[in-house]
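The values are calculated or read from the model by the stated rules, or taken from the named source; none is laboratory data. Just so we're clear, the structure is a prediction, and the values are computed from it rather than from any experiment. We place every Cβ from the backbone using ideal geometry, glycine too, and count neighbours over all the protein chains shown.
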Amino acid sequence: MRFVVAAIAILSALPPLLAADKLTFQDRVELMRGLMAEYAKARVLVPRSRKNLEVNADGTYDKREWQTIAKESGPAARVGDMIQITKVDIESQKIVLQLNGGFKGGRHWYDGVNVGMGPSTNPAQVPVGNGDANAPGGTTVEVVFHKPIEPIKASEVKKMLAAVLDFDQHSATELFSETLPPETKKAIQEKRATVGMSRDQVLMALGRPKYKPRETKDGLEIEDWVYGTAPGRITFVTFNGDKVIKVKDEYAGLGTDVGTEVIK
């Protein structure tokens, strides 16, 4: 009896958002993978807005409010402009998508992009994208469900935004990989770097690195792109000029080499 009472006390102390959450960690990871760094074309004028622009889960939004905001703050994206999702936050009843770096973003939005896995965690700094979006500014759109979110696919979220953003044939991978060899396309889709890739291809696969140290080794001018943070998996992508000559994964602090690929 004492155990039951203690359990009830613990459950009642949980934050309401966590108790109502219906998405598993894996659900969140899959949503992140399907939305982060994706490109879309604006179907309507999307305003720059200090507050999040709401789109309901049924695809409707307040057109008059958006027009009013656009008159005050100008456009984040005009009809036909390409935008990119640069941050994703998944909350209990909404999915928040930062476009081109948010309200303060613009041509150089890619300098500070990140992705968070709410509702209660802090954003993890995960750079994405390579600066190809052509919209004049940034803003933030949230898909509002008005109830705890059930397990859902990224493709379904994109359909909810169809009245505003056109994701068809404009994903980051599709735009960049149409003319690439099959093995390179596969690596980009799997978000991994391989020997022989160019800098642009690595950017597409992994995003911008956290560090880019340079050195001269064995007569070669090399540059390492470092991804990941400790404790955890760290990926070192080594370039000679524009080509990857080595990819190495390690777990920081553990001294464990989990795989190395070297040019032959």
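When the residues of the stretch 173-208 are narrowed to those that are modelled with pLDDT under 85 and in a helix (DSSP H, G or I), which ends up surrounded by the fewest Cβ atoms within 10 Å (Cβ to Cβ)?
Per the criteria, the residue is D200.
Inside the stretch 143-166, can you point out the residues that are assigned to a strand (DSSP E or B) and touching a helix residue (DSSP H, G or I) at 6+ places or on another chain (Cβ under 6 Å)? Don't jump to the end; show me each part of the working.
Step one: list which residues in the stretch 143-166 are assigned to a strand (DSSP E or B), which gives 143-144, 165-166.
Correct list: V143 only.
From the list G118, G138, which residue is at pLDDT below 85 and in the same structural domain as A76 (by TED's automatic domain parsing)?
Numbers: G138 fails: at pLDDT below 85.
Among G118, G138, only G118 is at pLDDT below 85 and in the same structural domain as A76 (by TED's automatic domain parsing).
Would you confirm, using the coordinates I've provided, whether I69 is part of a helix (DSSP H, G or I) and either farther than 21 Å from L206 by Cβ or at pLDDT below 95 (or both)? Can you show your working first?
On the way: part of a helix (DSSP H, G or I): yes; either farther than 21 Å from L206 by Cβ or at pLDDT below 95 (or both): yes.
In short, yes.
Which condition number does H170 fail, the rest of (1) surrounded by fewer than 21 Cβ atoms within 10 Å (Cβ to Cβ); (2) modelled with pLDDT under 60; (3) in contact with a helix residue (DSSP H, G or I) (Cβ under 7 Å, 6 or more places away or on another chain) being met?
That leaves (3) as the condition not met.
Would you call D27 of a type outside the set (V, I, T), in a helix (DSSP H, G or I) and modelled with pLDDT under 90? Outline the logic, then answer.
Numbers: of a type outside the set (V, I, T): yes; in a helix (DSSP H, G or I): yes; modelled with pLDDT under 90: no.
The answer is no for D27.
Tally up the residues in the stretch 46-76 that are without any contact (Cβ under 8 Å) to a residue 60 or more places away in the chain and crowded, with 17+ Cβ neighbours inside 10 Å, please.
3
Scan the stretch 217-229 for residues that are of a type in the set (V, I, T) and either at positive phi or modelled with pLDDT of 85 or more (or both) and jot them down. Give the derivation first.
Residues of the stretch 217-229 of a type in the set (V, I, T): 222, 226, 229.
Scanning the stretch 217-229 gives I222, V226.
Please count how many residues of the stretch 13-24 are at pLDDT below 90 and part of a loop (DSSP other than H, G, I, E, B). Steps first, please.
First pass over the stretch 13-24, keeping only residues at pLDDT below 90: 13-22.
Subsequent filtering for residues that are part of a loop (DSSP other than H, G, I, E, B) retains 14-15, 21-22.
Count: 4.
Looking only at residues in the stretch 209-233 that are charged (D, E, K, R) and outside any strand (DSSP E or B), which one is surrounded by the most Cβ atoms within 10 Å (Cβ to Cβ)? Working first, answer last.
In the first step, residues of the stretch 209-233 are kept if they are charged (D, E, K, R); the result is 210, 212, 214-215, 217-218, 221, 223-224, 233.
Subset that is outside any strand (DSSP E or B): 210, 212, 218.
On the way: K210: 14, K212: 12, D218: 5.
Within the stretch 209-233, the match that is surrounded by the most Cβ atoms within 10 Å (Cβ to Cβ) is K210.
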